[in-house]
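Below is one structure, written out as C-alpha cells; comments come after it.
The values are calculated or read from the model by the stated rules, or taken from the named source; none is laboratory data. For clarity, every value in this text was computed on a predicted model and none was experimentally measured. To get the accessible areas, we keep the full protein, side chains included, count just its heavy atoms, and leave off ligands, DNA and RNA. Shrake-Rupley method; radii C 1.70, N 1.55, O 1.52, S 1.80 Å.
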Amino acid sequence: MRLVASVGVAPNKFLAKIASDIAKPDGFVVVEPNEVQTFLDPLPVGRLWGVGRVTGASMEQLGIRTIGQVRATSVDILKEHFGAAGEHLWQLAHGIDGRLVVPDREAKSISHETTFAEDIDDREVLRAWLVELAEQVACRLRRHSLRGRTVQLKVRFADFRTITRSKTVSQPTNITDEIGRTAVELLENCGAARGQKIRLVGVGVTGFETTGLEGVHKVQQSLFADEERDKHAHLDQATDRIRARFGSAALHRGSGLLHDAEHKPMPRPAGGPRPETSSD
C-alpha cells in the first residue's frame with residue numbers, strides 16, 4: 001500500500017501549512033528562513049489564515065490581492081478596516097507566527113467515515129455501514145479506555161452538501177451496539193437525508209470520560225446494571241480479544257456485511273483504503 005502525503009518544512013506552523021498545501025497531493029516544500037518573503041509575497045491574499053470570502057472581498061476593495069501587498073500596507077490601515085484581525089494579518093504577511101508546535105494533544109473526538117464508489121440511497125446498506133463504522137469507533141474507544149456521551153453522524157450528499165447531527169446518550173458509552181443504534185436513529189430522524197443519494201457517511205463520539213483500571217469494576221456496576229447492556233459489553237470484550245489474537249478481519253457483525261456485494265468504499269487516489277479516521 002502506498003500512502004500519499006504532502007510535507008511542508010518552514011520556520012513556523014503558518015508557513016509550514018502553506019508549504020504543505022502548495023505541495024499537494026504528493027510533494028515536499030522547504031521554506032528557508034531567508035526565503036520567507038520571497039515565498040509569501042506572490043501568493044494570493046486568500047492563503048492567509050482568516051481571510052475568507054468576506055475579508056477577501058474587502059481586501060479587493062482596498063486593492064490588495066497578494067500577501068506581499070498586505071505586508072506593504074500600514075498595520076494601522078489594516079486595523080482600521082479589519083479591527084484586531086488587521087494586526088494578525090499583517091504579522092502573518094511578514095511570516096510571523098508565534099504558535100508552538102504541540103506534537104501530542106488529547107483527542108476531543110474519535111470518528112470514522114467512508115466515501116462510497118457510487119452514491120447510494122438504499123437505507124439497509126446505509127444502516128449496515130453505520131453499524132460497521134460504529135464498531136470501529138467503539139473499538140478505538142475501548143482500546144484507549146474512553147467512553148463518550150455524544151454520538152455524531154456525518155452525511156455528505158451527491159451534490160457534496162454536508163450535514164452533521166448529534167445525540168447525547170444517557171450514560172457515557174463505548175459499547176458498539178449503543179453507538180451503532182444511535183447513529184442509525186440519527187440517520188432515520190434526519191429529514192434532509194430522506195430520498196437523497198448519499199456519497200459519504202461518518203460516525204463519531206465525543207464528550208469523553210476516561211476509565212482507568214482501578215475504576216473498571218465500579219463503572220461496570222453502575223453502567224451494566226441493565227442485563228441487555230451487560231450482554232453487549234461482554235460481546236464487545238470477546239470481539240476485541242478475538243481480533244487482537246487473529247486480526248481485525250477475523251470477525252464481523254452480520255448486520256455490517258450488507259454492503260459487501262455492491263458498495264465497496266472508494267479507494268484513496270494512490271490505492272490506499274477507506275474508511276478515513278480522525279481524532280480531533
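Just a few scattered comments:
- Against the criterion of solvent-accessible heavy-atom surface with a 1.4 angstrom probe, W129, W90, W49 sort, most first, into W49, W90, W129.
- Accessible area, probe 1.4 Å, largest first, for residues E35, E80: E80, E35
- With all protein chains modelled, accessible area of H112 [1.4 Å, Å²]: 10 Å²
- Ranking F28, F116 by solvent-accessible area of protein heavy atoms (1.4 Å probe, all protein chains present), from largest to smallest, gives F28, F116.
- With contacts taken as Cα pairs under 8 Å and at least 6 residues apart, the range 45-133 reaches a relative contact order of 21 percent.
- The solvent-accessible area of R149, taken with every protein chain present and a 1.4 Å probe, is close to 90 Å².
- Under 20 Å of direct C-alpha separation, and excluding same-chain neighbours fewer than eight residues apart, K167 reaches these aspartates and glutamates: E113, E132, E135, D177, E178, E185, E188, E209, D280.
- Rel. contact order, % - alpha carbon contacts under 8 angstrom, at least six apart, the range 117-167: 26 percent
- Remark: for residue pairs K154/K197; K17/K154; K108/K154, the C-alpha separation exceeds 19 Å in K17/K154.
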